[in-house]
Amino acid sequence: MLEALWTKRALLVSGKGGVGKSTLAATLARAAVRAGHTVLLAEVTPSLEGPSVLGPLVGARGAGTEVTPVEPGLSFLRISASAGHRRFLEDVLPLRLMADAALRSRALRRFLEAGPSLRELGLMYQMLDLVRKTGPNGRFLYPLCVMDLPATGHALAMASLPRAILSLLPGGPIGRAVREGLELLQDPVRTAVLLATLPEPLPVSEALQLASEVRRLGLPLAAALLNRMPENPFPTPASRAALNTLLAAHGPHEGSRALYRLEVAETSRARLEQGVAAPLLSLPDLLASGPALVDQLASALLPLNARLSQKEAP
Ligand SMILES: Nc1ncnc2c1ncn2[C@@H]1O[C@H](COP(=O)(O)OP(=O)(O)OP(=O)(O)O)[C@@H](O)[C@H]1O
Ligand SMILES: [Mg+2]
């Protein structure tokens, strides 16, 4: 399954706040680079003010407002919706100058920033722009774009706006750009949505809701990423039964909380497995943080990949 992920053009990491989207986007990028692919890791932020969370996780320096090379095979970029508006206007208005003038117009700016969905149009346009950029040799500059989408504003709503715009403006450059963006977003060959969540009751409920939203928008849900799964030291029914016998004999003990957490995590995983019609990838809860955490998670992700590919082999 993951082997197939590396052949996509865009991996969209989505999920509720704090579940590990940025960490997992960095992990996917790191793993893809290790597997020999060329990756652009993009952090989608409401605004470009303030420091980047994602860049430091892969060792990117600088503001990241332009595509920044990090190491061979890996570049980093921060995308804001308003930068997307500019690119959009530059392309649909005949002259760059007019795009500048249009952006200076308060009325137009307010229009573009009015609804979250209009902001998302800017995002979608910028994403499309990155995906179709080619180099002098005619090859794609960024064959694989991994996007860390913000929890707020639900960036995936960028798939719901185009329909409304298309019914208003079916032809012309805006209509064409929007149609192309929507085609990319909904194309399971080029795009994969990865839904991140935690092995706890509320995050799982939220992930199930998001998964049905993703489907409703016609976006290809490739996998659920169950992040921070606690390690299970009693993986077999026999070892668990032996433990239960011991516990019954000796009463509450120091490990009771850890065991309870493990049980909650296992129940959560089962709920997710049943409720999401996509493969589930569990990633461990680790002690590391920052780039070291990303490196270790990438090492955990790559063998999962190998096992899944073997399963798929005839
Ligand atoms: N597998 C893991 N093991 C241990 N810590 C983790 C793991 N995944 C994420 N974390 C930690 O959880 C915190 C939140 O992670 P992260 O910033 O990636 O979440 P996010 O979903 O991007 O948050 P936000 O919604 O604020 O953008 C960070 O401190 C990160 O180091
Ligand atoms: Mg984040």
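Every number in this text was worked out from the coordinates using simple rules, so none of it is lab data. Small disclaimer: the values here were computed from a predicted structure and weren't measured. Note that each Cβ is placed from the backbone with ideal geometry, even for glycine, and that neighbours are counted across all protein chains shown.
Multiplying the residue separation of ARG34 and LEU247 by 0.36 nm and removing their Cα-Cα distance gives an extension gain of 72.3 nm.
Look at the dipole of the stretch 216-289 built from charges on Cβ: of LEU221, PRO237, ALA248, the Cα furthest out on the positive end belongs to LEU221.
How long is the gain from ARG257 to ASP187 if the chain were fully straight, where each residue apart is worth 0.36 nm and the alpha carbon distance is subtracted? Don't skip to the end; give the middle numbers.
Numbers: separation 70, 0.36 × 70 = 25.20 nm, distance 4.42 nm.
Extending this stretch completely gives an extra 20.8 nm.
Taking each residue as 0.36 nm, the span from LEU302 to ALA270 lengthens on full extension beyond its C-alpha to C-alpha distance by 9.2 nm. Please state the shape class of the stretch 19-66: rounded when a/c is under 1.5, otherwise prolate if a/b exceeds b/c and oblate if not, all from the C-alpha gyration tensor. Cα axes put the stretch 19-66 in the prolate bin. Amide H neighbours of LEU41 under 5 Å, counting only residues 5+ apart in sequence or on other chains, H built in-plane at 1.01 Å? Hits under the 5 Å cutoff: SER75, PHE76, LEU77, VAL146. Modelled spin labels at THR236 and GLN209, positioned 7 Å past Cα toward Cβ, are 4.2 nm from each other. In terms of overall dimensions, the C-alpha atoms belonging to the stretch 196-314 reach 53, 37, 29 Å along their principal axes, ordered largest to smallest.
For the stretch 233-289, taking the reciprocal of the average inverse distance between every pair of different Cα atoms yields a Kirkwood hydrodynamic radius of 13.5 Å. Residues THR27, THR191, arranged from fewest to most other Cβ atoms within 10 angstrom of their Cβ, appear as THR191, THR27.
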